[in-house]
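Okay, so here's the structure we're looking at.
The values are calculated or read from the model by the stated rules, or taken from the named source; none is laboratory data. On a predicted model such as this, the values are computed, not experimentally measured, just so you know. Note: ideal-geometry Cβ built from the backbone for every residue, glycine included; neighbour counts use all protein chains shown. Remember, those area values only see protein heavy atoms, side chains included, never the ligands or the DNA or RNA. Shrake-Rupley method; radii C 1.70, N 1.55, O 1.52, S 1.80 Å.
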Amino acid sequence: MTDAGLRYGRASLGLSFGVQGVAFALLVTRIPAIQDQYGISDGLLPVFLAAVPILAGAGSVATEKLVARVRPGVVLRWAQPLVLLALLGVGAGREMWHVAVALGVFGLAVGALDASMNMLGVSLQRAYGRSIMTGFHAAYSLGGIAGASLAWAGARWDLSLLASYLPVVVVLLPAALAGSRWYTEGK
C-alpha cells in the first residue's frame, strides 16, 4: 500500500465517521419530534429506543459473518447510504409502521456500518503502525456536534423532520458515496 493510498483511505474513512456522527445525532436529538410526528406514547417510546441498538447488534454480528466473503469497505459503501436513507424515512413517514420500518433499517444498517468502519480503521491503524483510531472517533464526535447543532436549528425554527433531514441527506449521501471510492484496508 502506498503512502498516498493510506492517506486517501484514512481521509475517506474519517469522512465516513463524520457522516455517521451527523446522522446519529440528528436522529437521537429529535426524538421528541419523532414522538410527536408518529404519536408514539411515552410508554411505547422505550420499545422503539431499545429496538435500534438491539438491531444494531444484530447488524454488527451479521457483518462479522459477511466480511468473511466481502471486504469491509464494500459493506460500508452500502451501509452508509442505507443509514442516511433510513434517517430520511424517519422524517418522511406518517404512520407508526413507517417509523418502525425506518428505525429497523437504521438499526441494522448502523450495526453493519459501525462494524465495517471499525474493521477498516483497525486495518489502517496496523498499516500505519501507530494509533489513528482516536482521529476517527474525533471525526465522529465532530459530526455529532454538527448533527446536534442542525437538529437544534431545526427544532428552533420549528422545521418538520423531513425539512431537517432532507438537506443533510442530499449533501452527505453523495459525499459519502464519493468518499467510499477510496476506502482501503491497510495490509
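Which residue out of L162, L150, L177 is in contact (Cβ under 8 Å) with a residue 12 or more places away in the chain, farther than 13 Å from S16 by Cβ and under 16 Å from the mean Cα position of the chain (by Cα)?
Residue meeting the stated conditions: L150.
For residues that are open to solvent by 30 Å² or more (accessible area, probe 1.4 Å), in contact with a Gly (Cβ under 8 Å, 6 or more places away or on another chain) and not in a loop (DSSP other than H, G, I, E, B), scanning just the range 165-187, find the one that is nearest to A153 (Cα to Cα).
The qualifying residue nearest to A153 (Cα to Cα) is L166.
Give the range 61-76 a look and list any residue that's closer than 28 Å to L166 by Cβ and open to solvent by 30 Å² or more (accessible area, probe 1.4 Å), or say none.
V74
Counting only residues that are touching a residue at least 60 places away in the same chain (Cβ under 8 Å) and among the basic types (K, R), how many does the range 34-91 have?
2
For V105, all conditions in the list (1) exposed (fewer than 15 other Cβ atoms within 10 Å of the Cβ); (2) without any contact (Cβ under 8 Å) to a residue 24 or more places away in the chain hold save one; what is the number of the exception?
It is condition (1) that V105 fails.
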